[in-house]
1. Restricted to region 1-34, and to residues that are among the aromatic types (Phe, Trp, Tyr) and outside any loop (DSSP other than H, G, I, E, B), which residue is surrounded by the fewest Cβ atoms within 10 Å (Cβ to Cβ)?
2. Would you tally the residues in region 227-264 being surrounded by fewer than 16 Cβ atoms within 10 Å (Cβ to Cβ) and more than 30 Å from residue 22 (Cβ to Cβ)?
3. Answer yes if at least one residue in region 182-199 is surrounded by fewer than 20 Cβ atoms within 10 Å (Cβ to Cβ), in the same structural domain as residue 106 (by the TED database), touching a Leu at 6+ places or on another chain (Cβ under 9 Å) and not in a helix (DSSP H, G or I), and no otherwise.
4. Report yes if some residue within region 78-91 is out of contact with any strand residue (DSSP E or B) (no Cβ under 8 Å at 6 or more places or on another chain), outside any helix (DSSP H, G or I) and over 15 Å from residue 254 (Cα atoms); otherwise report no.
5. I'd like the full set of residues that are surrounded by fewer than 24 Cβ atoms within 10 Å (Cβ to Cβ) and part of a loop (DSSP other than H, G, I, E, B), limited to region 155-173.
6. Any residue at all in region 96-109 that is basic (Lys, Arg) and either assigned to a helix (DSSP H, G or I) or closer than 14 Å to residue 263 by Cβ (or both)?
7. Within region 133-153, track down each residue that is part of a loop (DSSP other than H, G, I, E, B), open to solvent by less than 30 Å² (accessible area, probe 1.4 Å), touching a helix residue (DSSP H, G or I) at 6+ places or on another chain (Cβ under 8 Å) and not hydrophobic (A, V, I, L, M, F, W, C).
Amino acid sequence: MEDCTLVLGAVAYAPKVVTIWEGFKAFFVQHGLPFDYVLYSNYERQVEAQFAGNVAVAWNSPLAWVRARRIGAARGLEVQAVAMRDSDRDLRSVLAVRSGAGVATLDDLHGRRIGFGAVDSPQATLLPLDHLRRAGLVAGRDYAPRLFDVLGGKHGDHVGGERDAAQALVDGAVDAAWMIDGNYLAFSADGTLPAGATTILDRTAPFDHCNFTVSPGAPEAQVRSFTALLMEMRWDDPAVRPLLELEGLKQWLPGRTSGYTALERAATDEGFYDAAGRITARDYRY
């Protein structure tokens, strides 16, 4: 008998991931879609599993999307971004500096120390490096970069590296630090960044975050059902709202890929992936 279960891949970046996908599994099964999930310790394995036929859909980071798209293009295969959260669109990363430290413009960063997140973090490393490069500031030439590289392979989904960079800024170990705007607000609220101690010097252009990426050869009817059920989830449904809260959204939206342009450029310019999706980053451990 043919197994009609739709299998999804997700990365276990925090313990809550199990709770999230157990809840989604129950929702999909209750609505007539046989569903299961597989957890990976890192996005690199997950993307490779998509091309090995092990998962039909993957909940991918933006960097995982870039790799999946490149591998697919190199093999003449297509991957699709079918859905994303409302909270995945039009995000920005911010460059924080200490208030009154004499850093008022990007030019003031020449010769300074700048903190970044994990080496594979789109929002706290790759996009900020690209942003500074396009402003004429090159790491190692114009400023001293310091990576707070924790939990490799999880593409910065955790807040560890960004929190470490923020703390280093407060402690004076770096002169500026990058983090996604939501984490800047969170760190300001929880006291990691004391009130009035920092200010935002600059921001990246808007970018998009995660999406559900459909693997090549995935069963089309099951993927349509999966996507339709996502779009039917409503914030005001008491059975659904806890799942949406855990995953950090109020509404699922159709997937789009226009928000990954800067990350595609950064992945190339920083030597993270080659054009065929092979990992070329040095000292990357996952």
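1. From region 1-34, those among the aromatic types (Phe, Trp, Tyr) are 13, 21, 24, 27-28; that's our starting set.
Restricting the remaining residues to those that are outside any loop (DSSP other than H, G, I, E, B) gives 21, 24, 27-28.
Working: 21: 22, 24: 22, 27: 17, 28: 21.
Across region 1-34, the extreme among qualifying residues is 27.
2. 2
3. yes
4. Checked region 78-91: at least one residue is out of contact with any strand residue (DSSP E or B) (no Cβ under 8 Å at 6 or more places or on another chain), outside any helix (DSSP H, G or I) and over 15 Å from residue 254 (Cα atoms).
5. Those that are surrounded by fewer than 24 Cβ atoms within 10 Å (Cβ to Cβ) and part of a loop (DSSP other than H, G, I, E, B): 157, 158, 159, 172, 173.
6. First, the residues of region 96-109 that are basic (Lys, Arg): 98.
Of the ones still in play, those that are also either assigned to a helix (DSSP H, G or I) or closer than 14 Å to residue 263 by Cβ (or both) are none.
No, there is no match, as no residue in region 96-109 is basic (Lys, Arg) and either assigned to a helix (DSSP H, G or I) or closer than 14 Å to residue 263 by Cβ (or both).
7. Taking region 133-153 as the starting set, the residues that turn out to be part of a loop (DSSP other than H, G, I, E, B) are 135-138, 140-142, 148-153.
If we keep only those that are open to solvent by less than 30 Å² (accessible area, probe 1.4 Å) too, we end up with 137, 142, 148, 152-153.
With the extra rule that they be touching a helix residue (DSSP H, G or I) at 6+ places or on another chain (Cβ under 8 Å), the set shrinks to 137, 142, 148, 153.
Correct list: 142, 153.
Matching residues to (1) outside the structural domain of residue 23 (by the TED database); (2) at pLDDT below 95; (3) at positive phi; (4) in contact with a His (Cβ under 6 Å, 6 or more places away or on another chain):
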residue	(1), (2), (3), (4)
241	no, no, no, no
245	no, no, no, no
251	no, no, no, no
255	no, no, no, no
263	no, no, no, no
277	yes, no, yes, no
282	yes, yes, no, no
285	yes, yes, no, no
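The values are calculated or read from the model by the stated rules, or taken from the named source; none is laboratory data. Since the structure is predicted, the reported quantities are computational estimates derived from the model, not experimental observations. Virtual Cβ from ideal backbone geometry, glycine too; neighbours counted across all protein chains shown. Ligands, DNA and RNA are excluded from the accessible area calculation, which covers all protein heavy atoms including side chains. Shrake-Rupley method; radii C 1.70, N 1.55, O 1.52, S 1.80 Å.
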